[in-house]
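**Student:** I am attaching a structure below and will ask some questions about it afterwards.
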Amino acid sequence: MNNKFIHEHKNHFIGFLISICLFVALGFVYSQTRILDGLENGAVNFRFFLRDPSEKAKKLQEGVRITKKNPRSRDDIIILGIDENTIREFTSQKMHWPFSWDIHARFTRYVATGNPKAIFFDIMFLDHKKHEQEFADAVREAGNVFLDFPFETEEVDVKYSDTEDRMAILNRLRFPVDPNDSSYEWAEEAVPPTTKLAGAAKGIGYANIRPDADSINRKLPVVIKHKGFYYPSIDLVLTMHYFGIGAKDVEIMMGKYVTLKNLPVEKMKKPNPERELRIPIDSEGFMDINFIGGPGSFQNYPYYYFFNDGRITNKSLENKIIFVAAYSVTGISTDIHKSPYGDLFGIEHHANALNTILNQDFIIKLTEWENILILLSIAIILGLLVPKLSMLMSILFSTVFGLIYIVAAYLLFDTMNLLCIFATPVIQIGGTFTLITVYRVMTEQREKKYIRQTFSKFVSKSVVDELLKDPDKLKLGGEKKILTVLFSDIRGFTTISERLTPEALVEHLNEYLQAMTDIVFKYLGTLDKYVGDEIMAFWGAPIPQDDHAVLAARAAVEMMHVLDGLNKKWATEGKPELHIGIGLNTGDMVVGNMGSSSRMDYTLMGDNVNLGARLEGTNKIYNTGIIISEATYEYVKEHIIARELDLIRVKGKELPVKIYELVDIKEG
């Protein structure tokens, strides 16, 4: 990349660097800190909300409430909730929460007659209580009851006397830790259900939920690493029961997946030849829950409907997975956790988790490096395009680009369950646009100030205004282009200066120079410099002009006419007349800022500039006022009256140069 390229594309290059620098900064903050976690988590919630097709439950009459089942929920997951209606009904019968265990026994026997696939109590049965044996008998007779328990994150001070017996039952289903697993153990101690209930149950599993830093739960630990073993969650235990597989059919790779093998194809939502189901998990065993909606998304009925003796005569519960838990906010449930859809009962978190697993509807999260690659791609696109667009177009492009990304990220989630970085790219797009815009505004202000200071002395106000509107028209580096240069000089200036006092000479000369300069500006020329009484001007830069030679010719003719008027005026004032010679040449010249670091001028150089100066002096030989070169003549011959003068040899030119006297401008 040479210096000329950098100079010509400086603003574009710096705009690109701004975009890359912001990418580096955001990439570091995203990957090395948790500053952006809150925004990214909020963006996850936003996508869930957009996708939620469920409706709020509608209260039809006192004590009866129905919900519209979410189409994403499985038909075989049913919640039998201990809701407000159940509490009200039981209270009227002098039965209060927490219910006596004989009530659960009666409930279990009745539900079991409906031949459900599983009955899961999301109620902690940790302490020995009255009717424990009766409840344990009902659990054993049902043969399909599952109980949960907590894994404590701190050591329990007072342990149950039968803790070892409880752990012995729990340890019937556990998996050895991978020797290469160096993940952190965050669970300190398990507190399984009572030995009678745990021994009678079909299976037990922990039911821990650990919210994110913003107190919203988005994931669930499928396995917990504890003292050299992986313990399965109640959701994994239920899944294994649903598919009829054992411990030998489970493979755990912490940080990657839990693979369930040898599954019956007819029970798989998305069958595959390997007959495997792979649950993606992070380094601590957590699976992202693909929540399907807000409260009431799953089929749910009051607990008290099933507090009966006898048998269920229909098939409403056949092969269903029954979830039993507190399902009321009126004083009985503290098992309420925030989700992307707001507050949900703990049982609904587990229902959503099981729904995710059985439907094989897993959320796919891009890796950190894949997300950083997205940020890099955005940085390159913005860095290449935004600096090159106008302010209005860059606003439009950045806005549309941001909206396209938001829509694309949502559609990827809605159609493919793919979660990519969301909030950070939106910040990046807005931040890149803002920083580049601030840089451009500051740069343009500097450019405009420079243009005003530099060119207001050399060109007309209209040319300065045009440069201010579009500074890109100004190329300040040395540039070769075809221009027309004009030189004018006063004849016999030394004699005139000897006749006047210094003050009178300066006043006389300034009046002349002002008039000539006004004509240069009138015809959109650029005043290069004054050298004593000599004027140098040119056309075609800094703003390109297709008719630069014509403008220069018109200016030269008008200079002669205006000078005639001034001479008549000066004659009446007793001031000496001035007579000038003008030379015009057109050709390749180098134009740009030239000089030293302390003093620079926007000027011309080259052989064709020198030729213009020599033509001005040639007027003395031919006793003419304006001489133009053959090159200039070819550009203006349709617009002027001229006569051929001669062929002259010029220093630096091998061939003689034909010259013309410019007499006047044609009418019209």
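The values are calculated or read from the model by the stated rules, or taken from the named source; none is laboratory data. Bear in mind the structure is a predicted one, so any value in this text is a computation, not a measurement. Cβ: placed from backbone, ideal geometry, glycine included. Neighbour counts: every protein chain shown.
**Student:** Show me the strands (runs of 3 or more DSSP E) entirely contained within region 516-597 in which 3 or more residues are at pLDDT below 95 and basic (Lys, Arg).
**Tutor:** Per the criteria, no element qualifies.
**Student:** Could you list, in sequence order, the residues of region 389-408 that are loosely packed, with under 14 Cβ neighbours inside 10 Å and in a helix (DSSP H, G or I)?
**Tutor:** Met391, Leu392, Met393, Leu396, Thr399, Val400, Leu403, Ile404, Val407, Ala408 - these are the residues of region 389-408 that are loosely packed, with under 14 Cβ neighbours inside 10 Å and in a helix (DSSP H, G or I).
**Student:** Any residue at all in region 218-240 that is buried (at least 17 other Cβ atoms within 10 Å of the Cβ), touching a helix residue (DSSP H, G or I) at 6+ places or on another chain (Cβ under 6 Å) and either outside the structural domain of Phe120 (by TED's automatic domain parsing) or under 30 Å from Leu36 (Cα atoms) (or both)?
**Tutor:** yes
**Student:** Among the listed residues Thr163, Thr91, Thr86, Thr153, which satisfies the condition of being polar (S, T, N, Q) and either at pLDDT 95 or above or closer than 30 Å to Lys315 by Cβ (or both)?
**Tutor:** Criteria check complete, one pass: Thr86.
**Student:** Go through region 409-433 and give me each residue that's surrounded by fewer than 15 Cβ atoms within 10 Å (Cβ to Cβ) and either more than 12 Å from the chain's Cα centre (by Cα) or not in a helix (DSSP H, G or I) (or both).
**Tutor:** Hits for region 409-433 are Leu411, Asp414, Thr415, Met416, Leu418.
**Student:** Would you please list the contacts, defined by Cβ atoms under 7 Å and residues six or more apart or on different chains, that run from a residue in region 542-556 that is assigned by TED's automatic domain parsing to the domain that holds Glu479 and farther than 19 Å from Ile626 by Cα to a residue that is surrounded by fewer than 23 Cβ atoms within 10 Å (Cβ to Cβ) and of a type in the set (Asp, Glu)?
**Tutor:** Filtered contacts from region 542-556: Ile543/Glu466.
**Student:** Also, quick follow-up: Glu630: in the same structural domain as Ala549 (by TED's automatic domain parsing), touching a Lys or Arg at 6+ places or on another chain (Cβ under 6 Å) and in contact (Cβ under 8 Å) with a residue 24 or more places away in the chain, yes or no?
**Tutor:** yes
**Student:** Shifting gears a bit: Starting from residues that are in contact with a Gly (Cβ under 8 Å, 6 or more places away or on another chain) and surrounded by 16 or more Cβ atoms within 10 Å (Cβ to Cβ), keep the ones in region 153-180 and report whichever is farthest from Phe125 (Cα to Cα).
**Tutor:** Only one residue fits best here, namely Val177.
**Student:** Of everything in region 629-643 that's of a type outside the set (Gly, Ala, Ser) and more than 11 Å from Val557 (Cβ to Cβ), which residue is surrounded by the most Cβ atoms within 10 Å (Cβ to Cβ)?
**Tutor:** Residue satisfying both the conditions and the ranking: Thr632.
**Student:** Would you say Ile103 is under 54 Å from the mean Cα position of the chain (by Cα) and either over 30 Å from Asp282 (Cα atoms) or assigned to a strand (DSSP E or B) (or both)?
**Tutor:** Taking the combined requirement at face value, the residue does not satisfy it.
**Student:** Return a yes/no flag: does region 48-62 have any residue that is part of a helix (DSSP H, G or I), modelled with pLDDT of 90 or more and under 30 Å from Met268 (Cα atoms).
**Tutor:** yes
**Student:** Would you kindly identify the strands (runs of 3 or more DSSP E) lying entirely within region 169-282 that contain at least 3 residues that are aliphatic (A, V, I, L, M)?
**Tutor:** In region 169-282, 250-253 are the strands (runs of 3 or more DSSP E) which contain 3 or more residues that are aliphatic (A, V, I, L, M).
**Student:** Just give me the residues in region 312-369 being polar (S, T, N, Q) and surrounded by fewer than 14 Cβ atoms within 10 Å (Cβ to Cβ), in sequence order.
**Tutor:** Answer for region 312-369, where residues must be polar (S, T, N, Q) and surrounded by fewer than 14 Cβ atoms within 10 Å (Cβ to Cβ): Thr313, Asn314, Ser316, Asn319, Thr330, Thr334, Thr367.
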